[in-house]
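The block underneath contains the structure these notes are about, expressed in structure tokens.
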């Protein structure tokens, strides 16, 4: 009987340590649905920047893109509209909300195909969740340009 109680306690402790925080669950629930990426901007360094985001397309191509997050199986997609600068189409992702070592939550995603198979070789992206509400979301990632840190900020509105 003691062994069963000890085993139950160990399993409970293990399962509770693997769970995500209440805030991460709330943010995951808020992410669920369709969003429009309204603006991409760069902070912490003067000047203008031209960059390729997510190893995919130029930053200008992402403005106006539609992002979809499905929380029940953590899949989704983003769609880039056609233009002379951008290769349009759907890109499929697997995503989650994780706690970073700095105590902030991040949207983590990697590229998958239509059949949910990893096509990124296990590589992915993390964007810090700066703010999220029922109608707006602001994410950021830190990169280096000219040897100095730059924040890439993504401003979304919910459809």
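None of the figures in this text is laboratory data; all of them are computed from the coordinates on show. Model, not experiment: these values are computed from the prediction. Neighbour counts are summed over all protein chains in view; Cβ atoms, including those assigned to glycine, are modelled from backbone coordinates with ideal geometry.
Spin-label model, residue 135 to residue 81: label points 7 Å out along the Cα-to-beta-carbon direction sit 2.1 nm apart.
Only bridges with both residues in the chain count here: give the DSSP antiparallel percent, nearest 5. Around 100 percent of the beta bridges assigned by DSSP in the chain are antiparallel ones.
Taking the Cβ-Cβ separation of residue 99 and residue 58 as r and a Förster radius of 25 Å, what is the calculated FRET efficiency to the nearest 0.05?
My answer for the efficiency is 0.20.
Computed from the alpha carbon atoms alone, the convex hull of the stretch 20-158 holds 120 Å³ per residue. Taking 0.36 nm per residue of separation and subtracting the current Cα-Cα distance, fully stretching the chain between residue 157 and residue 117 would add 11.5 nm.
Its residues counted as N, the stretch 84-145 yields a C-alpha radius of gyration over 2.2 N^0.38 Å of 1.31. Gain on full extension, evaluated as 0.36 nm per residue between residue 66 and residue 148 minus their Cα-Cα distance, stands at 26.5 nm.
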